[in-house]
1. What does the charge dipole of segment 118-171 about its Cα centre add up to, to the nearest 20 debye, if the Cβ of each Lys and Arg holds +1 and the Cβ of each Asp and Glu holds -1?
2. Which one of Gln239, Val143, Phe153 is farthest out on the positive end of the charge dipole of segment 6-250, using unit charges on Cβ (Lys, Arg +1; Asp, Glu -1) and the Cα centre as origin?
3. Where does each of 135-143, 319-327 land if you order them by average Cβ count within 10 Å, highest first?
4. Tell me what the chain gives for mean residue ellipticity at 222 nm when only DSSP H runs of n ≥ 4 count, each as -39,500 (n - 2.57), the sum divided by the residue total, rounded to 500 deg cm²/dmol.
5. Would you work out which of Gly71, Leu162, Ala29 lies farthest towards the positive end of the dipole of segment 6-250? Charges go on Cβ: Lys and Arg +1, Asp and Glu -1.
6. Indicate, rounded to the nearest 5 percent, the antiparallel portion of the DSSP beta bridges found entirely in the chain.
7. Quick one: length gained pulling Ala213 to Arg149 fully straight, 0.36 nm per residue minus the C-alpha distance?
8. Just how large is the dipole of segment 6-135 about the Cα centre, in debye to the nearest 20, putting +1 at every Lys and Arg Cβ and -1 at every Asp and Glu Cβ?
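Read the figures in this text as sums done on the coordinates, not as results from a lab. Predicted, not measured: the structure shown is a model, and the values here were computed from it. A quick note on method: Cβ atoms are made from the backbone with ideal geometry, for glycine too, and the neighbour counts reach across all protein chains shown.
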Amino acid sequence: MAADSLGVYIHIPFCVRKCAYCSFYSSPADETVRQAYTEALCRDILSYGGRGLGCDTVYFGGGTPTALESGQLIKILEVVKTAFDMDSDAEVTLEANPDSAAPEKLEALRAAGFNRISFGVQSLDDRELSALGRLHDSKKAIVAVKNARAAGFENISCDMMLGIPHQDTASMLATARGLTGLGISHISAYMLSVEEGTPFFEQGIEVDDDRLADMYLALCEQLGSEGFEHYEISNFAKQNRRSRHNMRYWQDREYLGLGCRAHSFFEDRRFFCDEDIKTYISSVSHRLTVSEEHPDRLEEYILLGLRTSDGISFERLKELGADEERLQRIRECAVMLESHGLCRFSGSGFSLTEKGFLSSNSVIAQLELC
């Protein structure tokens with residue numbers, strides 16, 4: 001892997017229908033709009049060509065990337081290969097919904113070089129899926145995973161959600177066991193958050209934090225017993241199956257986001273494309289809105305590093321500018337957190353426990369004040 005290799009994120013902002021909990025930018029679109037967006041995206045990608053940039057991960061996210069035709073997705077990937085020097089063992093991830101993952105589509109995408117797929121399953125309980133507004137049922141989700149395996153995908157991830165209306169710990173664990181029983185290598189488990197502007201918000205859906213905490217700890221125990229490493233707050237992986245692309249975010253390494261509303265950390269700047277779909281398609285060059293020219297690397301290291309089981313090291317804190325006085329305050333804080341079961345402290349650094357992950361926002365805020 002080249003020292004200057006990037007992660008490349010490709011944003012596909014289309015969904016057949018927004019789910020009741022979703023606050024991400026996405027929109028339905030007809031065939032003409034999808035094709036025009038594909039062409040604009042390819043122009044955007046090619047604008048980075050000729051700069052000798054390496055690439056070791058590519059991630060197609062959304063929205064629903066599989067709302068595009070397989071030929072469109074394959075064309076975009078080929079353009080990425082043209083613009084960037086892609087490693088031979090690059091991780092190429094595609095987010096997919098079970099309702100838009102036909103066997104022939106999966107086969108074509110795998111043959112074209114997509115080697116990791118992440119299904120938005122959320123639950124294997126049909127009542128819970130209906131409450132979320134998903135287009136698939138549990139049988140369709142199971143078939144989609146099996147079809148991906150048959151198409152040659154060995155690295156399969158599934159999303160599941162905690163705190164769904166009608167869900168209890170037993171039904172949540174049944175979903176977890178059902179997914180692991182399919183032989184998948186990765187699970188992303190997200191706690192339901194009700195955001196303003198979503199149907200759930202308008203319906204007055206409320207989240208019970210205590211119930212969520214109980215579910216989360218039960219899931220951690222269940223997946224741990226089945227050989228899944230809990231390597232990030234919301235992510236669990238079999239051996240050597242961490243999401244390499246997402247690890248870039250948490251390790252504060254550079255990535256380039258392409259497509260409307262995509263975010264980047266590139267050349268020591270954080271920025272995002274603030275264009276909507278229509279403007280993005282019509283733009284000759286995509287103007288990037290800078291959100292933070294030069295991020296505080298020390299604070300970001302604390303914020304991002306403590307999301308992972310790897311945690312943070314005092315040596316790296318020192319490299320990023322922490323003086324001895326601050327390092328001592330952080331050590332004392334870590335010892336205090338350990339006494340409450342919120343972190344694991346060693347002489348070289350510390351990481352949060354699963355109980356600490358549940359309180360990560362307040363723990364990190366406390367450390368930033370040290």
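1. Details: 6 positive and 7 negative charges, 47 e Å.
Once rounded to the nearest 20, the dipole reads 220 debye.
2. Positive-end residue among those listed: Phe153.
3. Values: 135-143: 17.7, 319-327: 12.6.
Sorting 135-143, 319-327 by mean packing, highest first, produces 135-143, 319-327.
4. -12000 deg cm²/dmol
5. It is Gly71.
6. On the way: 21 of 54 bridges.
Given both bridge residues lie in the chain, the antiparallel proportion sits at roughly 40 percent.
7. Working: separation 64, 0.36 × 64 = 23.04 nm, distance 3.27 nm.
Answer, rounded to one decimal: 19.8 nm.
8. Numbers: 12 positive and 18 negative charges, 57 e Å.
Dipole about the Cα centre, nearest 20: 280 debye.
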